[in-house]
Ligand code: 5HY
């Protein structure tokens, strides 16, 4: 089934967006057209609550562009699943975050997985998602490699070695049976890390693309019956009196 999927990197680092697009195309089915985009003015990397909040307006603008372009489904390529619920209000088709996708995939091939992300400050944000997605029994631990997100864009850096070491510690200490890469910018390291560690390493970008293909292929779109209905239209600078004090 031919379909058009847009992968959106909520941060504004275009080299990461291009890398994510390449990884998405590697796994996409022959009939799937992948486009990759990022907001022009969001933070260059999302490391913590404020960056995440600041990236959402631009992310929503990219979804609105996708709706005008007739996109069938979306991947939000940030492991904080930044703004996914808001995107689902705006989009007609499915919107899948790479964290939710990766955790559900891991839960179907293991009895327990760990996550290796970037900075320690991202760990509580991801631990909140573990609870939100009902994965507290399957997720053994969320670990930080102490790498800034943009270290993943440095040629010849030691990022992949640091992630490899953390993966090996996770297998040794957490009783995990697979490890999820906790940053979209790690997507191009998946094959190397799998070979180097002998551990099933899960990249949320690849899994999210296949899940969007599955949902669109099954004829599923985001339900507009309740929480994900289109946003209510608001007047400019509406005041309480405009709503009869309700
Ligand atoms: C991501 N930040 O996937 C997250 C990872 C993190 O800019 N892309 C980012 O550190 O939460």
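Only the coordinates and a few stated rules stand behind these numbers; no lab work does. All of these numbers come straight from a predicted model, not from anything done at the bench. For neighbour counting, all protein chains shown are included, and Cβ atoms are generated from backbone atoms with ideal geometry for every residue, glycine included.
For region 137-246, the equivalent ellipsoid derived from the Cα gyration tensor has semi-axes of 41, 20, 16 Å, listed largest first. If R0 is 25 Å, the Cβ-Cβ spacing of residue 53 and residue 132 corresponds to a FRET efficiency of close to 0.90. Remark on region 61-189: hydrodynamic radius 15.4 angstrom, per the Kirkwood mean of 1/r across alpha carbon pairs.
Which FRET efficiency value, to the nearest 0.05, is calculated for residue 25 and residue 232 with the Förster distance at 30 angstrom and r the Cβ-Cβ distance? E between residue 25 and residue 232, to the nearest 0.05, is 0.25. Seen against the Cα atoms of the chain and their longest principal axis, helix 98-109 is set at about 50 degrees. Each residue, residue 218 and residue 69, gets one label point 7 Å from its Cα in the Cβ direction; the gap between the two is 2.6 nm.
P(r) tail, the chain: Cα-Cα pairs separated by more than 27 Å, 34% of all pairs. For the peptides 190-198, 55-63, the ranking by packing is 55-63, 190-198, with the highest mean count of neighbouring Cβ atoms within 10 Å listed first. Here, region 176-220 yields an orientationally averaged convex hull projection of 3.8 nm² when only Cα atoms define the hull.
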